[in-house]
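The values are calculated or read from the model by the stated rules, or taken from the named source; none is laboratory data. All values reported here derive from a predicted model rather than from experimental measurement. In this analysis, Cβ positions are derived from the backbone assuming ideal geometry, glycine residues included, and neighbour counts consider all displayed protein chains. Side chains are part of the model used for accessible areas, which takes the heavy atoms of the whole protein and leaves out ligands, DNA and RNA. Shrake-Rupley method; radii C 1.70, N 1.55, O 1.52, S 1.80 Å.
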Amino acid sequence: MKKLFLLVLCFVNLFAYGEERMGQDTQIWDYNRITNIANYDTFGKLWTTLQGEYIATLALLSVIAVLAAFALHYMVIGPKQFSHAGKKIYAFSLFERLFHFIAALSWVILVPTGFIMMFGTTFGGGLFVRVCKNLHAIATILFIISIIPMFFWWIKRMLPASYDIKWLMIVGGYLSKEKKPVPAGKFNFGQKSWYYIAVFGGFLMILTGGFMYFLDFNSAPVQSIFGLSHIELLRLSAIIHNLLGIVCAVFFGVHIYMAVFAIKGSIHSMVSGYKEEEEVYILHSYWYKELSKKKQIEPSFSYDH
């Protein structure tokens, strides 16, 4: 009985001590304790607000908008179809197809695991989210392997050209059922946009993701450049990574839709390396002219000189 009395007394004293501390204006117990964290107002409040109120909504609306646009385009305009009976044009070497396959595989893993990590509590946390985190890290390594040759091999073809503006004005002809030559080189403006987002945006995501994965890394060199503390770098990395991740996910979805659904058989060029001549003539008319003038193909279609 005496032991029970002492135990109750201890709890009463502990509760009274807690009440006393809660009533004091201290950095631990004050009701404004979050704002007492060093430099919280720099990026902490922004990160908390974005993650708690806007990121989920933005991600959901982006996915809905993209899927709705795909469905509307497919039902109203429909896919473009080109003859597979004619000549074929060699478009992509084995090396290009290999690093493109590695990049595609990495993105197929990165996008869903990234969303699961972003909203880990929604998925219950625990083992499932930790597995996704590890898969995300492995896929990042694959993407790093692919991004280097992708940059050097395609950068020249991806440089802006005057006809890109013409392509943009007609949205590449994808809003029309007519099959008329579209002003585009080997890569059109849409593909170039995805390239810059995937390569340069992807590089930024590798950096910010690395910062968050290795939380206790030595950030002194980065701090000296940007004048930010370690925690500020982590907060800013989280903001950039999540917002840029949504952009990359949207463009990746568009890329898949264009390759698989919007242009029948287009995806086969990344398997065999060859494109249908009619497809090149219509969707990449400037490249078709270039190949014809260089005598690299015997054109079956006429074009304006």
For segment 42-294, which whole percent of the accessible surface, found with a 1.4 angstrom probe, sits on carbon and sulfur atoms? 74
For Kirkwood radius over Cα pairs in Å, calculated from these coordinates, the label among (i) 19.2; (ii) 22.3; (iii) 23.3: (iii)
By accessible area (1.4 Å), largest first, E232, E298, E290 order as E298, E290, E232
Report the local net charge at L159: Lys and Arg +1, Asp and Glu -1, summed over other residues whose C-beta lies under 12 Å from its C-beta. +3
Normalised by the residues of the chain, what does the relative contact order come to in percent, with Cα pairs under 8 Å and at least six apart? 28
What are the ³J(HN,Hα) couplings of segment 181-196, residue after residue, when phi is run through the Karplus curve with 6.51, -1.76, 1.60 and θ = phi - 60°? Round to Hz, x for glycine and proline. x, 9, x, 7, x, 4, 10, 7, 4, x, 5, 5, 4, 5, 4, 5
For S176, enumerate residues with amide H under 5 Å from its amide H, sequence gap 5+ or separate chain, H modeled in the peptide plane. none
Separation of alpha-carbon centers, segment 110-177 and segment 49-77, rounded to whole Å: 16
How would Y281, Y213, Y54 line up by accessible area, probe 1.4 Å, largest first? Y54, Y213, Y281
Per residue, how much accessible surface does segment 136-213 expose to a 1.4 Å probe? Answer in Å², no decimals. 54
From the phi of every residue in segment 160-170, what ³J(HN,Hα) in whole Hz does the Karplus formula 6.51 cos²θ - 1.76 cosθ + 1.60 yield, where θ is phi - 60° and glycine or proline is x? x, 9, 4, 6, 4, 5, 4, 4, 5, 5, 10
What's the angle, to the nearest 10 degrees (0 to 90), between helix 126-154's Cα axis and the longest principal axis of the chain? 40
Could you check the spin-label model distance between V171 and K156? Points 7 Å from the Cα along Cα→Cβ, value in nm. 3.4
Cross-link partners of K295 among lysines (Cα-Cα below 20 Å; sequence separation of 8 or more within a chain): K87, K88, K186, K275
Kindly express, to the nearest 10 degrees and within the range 0 to 90, the angle between helix 2-22's C-alpha long axis and the longest C-alpha principal axis of the chain. 60
